[in-house]
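Data block below; observations after.
The values are calculated or read from the model by the stated rules, or taken from the named source; none is laboratory data. Everything quoted here is computed from the prediction, not taken from an experiment. We place every Cβ from the backbone using ideal geometry, glycine too, and count neighbours over all the protein chains shown. Just the protein is used for accessible areas: all its heavy atoms, side chains included, with ligands, DNA and RNA removed. Shrake-Rupley method; radii C 1.70, N 1.55, O 1.52, S 1.80 Å.
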Amino acid sequence: MHLASYPNLSDIAYQKDLVKSVDKVREICTAALNLRNQRNLRVRQPLKSLTVVGKNLEVLKRYVDLIKDEVNVKEVLFSSEVEEFAHFVLKVNFQVVGKRIPNKIKDIIASVKQDEWTRLGSDKIKIAGEELVAEEFSLNLQPLNEEKAVKALDTGDVVIFLDTNINEALELEGFARDLVRGIQQARKNADLHVSDKINLEINFKGDKKLLKACEKFKDYICLQTLAAKINYNEALSDDWFQDEFAVEGHDIVIALNKT
């Protein structure tokens with residue numbers, strides 16, 4: 001393959017709509033991850049849902065699985081009920097409007113400040129007795145409640161709402177994912193090959209919630225870490241490789257050896 005010719009890019013059609021959709025998905029994921037970061041929600045902690053609010057979102061539904069994986073949510077919802085999460089903020093292009101109706105600029109400015117205007121379809125508004133067309137204004141979405149995990153995209157046409165309520169089931173799954181991360185790092189510290197299967201012992205130091213998480217997601221943990229079995233012991237095998245790490249402030253000691 002290293003001797004193959006470069007592909008002829010002229011034979012590859014530029015898919016404008018595809019690029020536009022993928023860019024929008026990236027913007028949604030970036031905004032959602034920013035919301036997680038603002039609320040100190042680690043990425044490994046799964047959340048219940050992300051709601052994407054706006055018009056004409058049908059094309060984005062094919063990317064649901066991608067969004068779920070990137071943001072780590074159980075469900076991605078779509079809604080056209082914009083008023084439930086945000087309101088439109090009007091911005092008038094006074095440079096354009098001023099050339100057409102200069103004598104109405106003061107009235108329009110006053111109406112903008114009072115938020116007195118009406119939408120006339122998708123590309124017109126009525127303000128101060130005048131109709132403005134698409135190139136004379138823009139409407140940007142602004143969240144109704146900044147205290148909630150709601151964020152408008154920079155493009156101003158979509159708002160996302162991240163459900164940050166974490167029930168016990170979600171919390172336990174987050175612990176399980178942190179356990180996997182810690183065990184994987186221990187495997188690396190022990191110089192194991194990625195395909196090596198292991199026996200695993202864990203001392204949770206009396207933390208019942210972490211124990212419950214491990215029991216509930218044992219199959220997942222074993223699959224991800226190639227553990228043939230997991231034992232819970234306070235006294236770990238001295239001749240096994242031992243390591244220690246923390247899960248959300250709770251210290252854990254593990255011991256592992258290659259099967």
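Accessible area per residue for segment 206-257, computed on protein heavy atoms with a 1.4 Å probe, is 60 Å².
All C-alpha to C-alpha distances of segment 1-56, sorted into 10 Å bins beginning at zero, yield P(r) values of 16, 31, 22, 18, 13, 0 percent in whole numbers. For segment 119-259, the number of Lys pairs separated by eight or more positions or lying on different chains, with C-alpha atoms closer than 19 Å, is 16.
Quick check: net charge around Ile108, other residues with Cβ under 12 Å of its Cβ, Lys/Arg +1 and Asp/Glu -1? Write out the running numbers ahead of the final one.
Numbers: positive: Lys91, Arg100, Lys104, Lys106, Lys113, Lys126; negative: Asp107, Glu116, Glu130, Glu131, Glu136.
Result for the neighbourhood of Ile108: +1.
Normalised by the number of residues in segment 125-208, the mean separation of alpha-carbon contacts (under 8 Å, six or more apart) gives a relative contact order of 14 percent. Computed over segment 103-259, relative contact order equals 18 percent, with contacts defined as Cα pairs under 8 Å that lie 6+ residues apart. The P(r) of the chain has a tail past 24 Å containing 64 percent of all C-alpha pairs. Contact order for segment 25-97, expressed relative to its length and based on alpha carbon pairs under 8 Å spaced 6+ residues apart, stands at 35 percent. Carbon-plus-sulfur accessible fraction, the chain (probe radius 1.4 Å, protein heavy atoms only): 48%. The overall shape of segment 1-128 is oblate: from the C-alpha gyration tensor, with semi-axes ordered a ≥ b ≥ c, the ratio a/c is 1.5 or greater and a/b is no larger than b/c.
The Rg/Rh ratio for segment 169-252 is 0.92, where Rg is the radius of gyration of the alpha carbons and Rh is the Kirkwood radius.
Note on Leu144 and Asn93: their simple-model spin labels are 3.0 nm apart, each label 7 Å out from Cα toward Cβ. Starting from the coordinates of the alpha-carbon atoms of segment 101-220, obtain the Kirkwood hydrodynamic radius over all distinct pairs and give the value in Å to one decimal. After inverting the mean inverse Cα-Cα distance, the result is 20.3 Å.
Just to confirm, what accessible area per residue do you get for segment 101-169 at 1.4 Å probe, in whole Å²?
With the other protein chains kept in place, segment 101-169 gives 61 Å² per residue.
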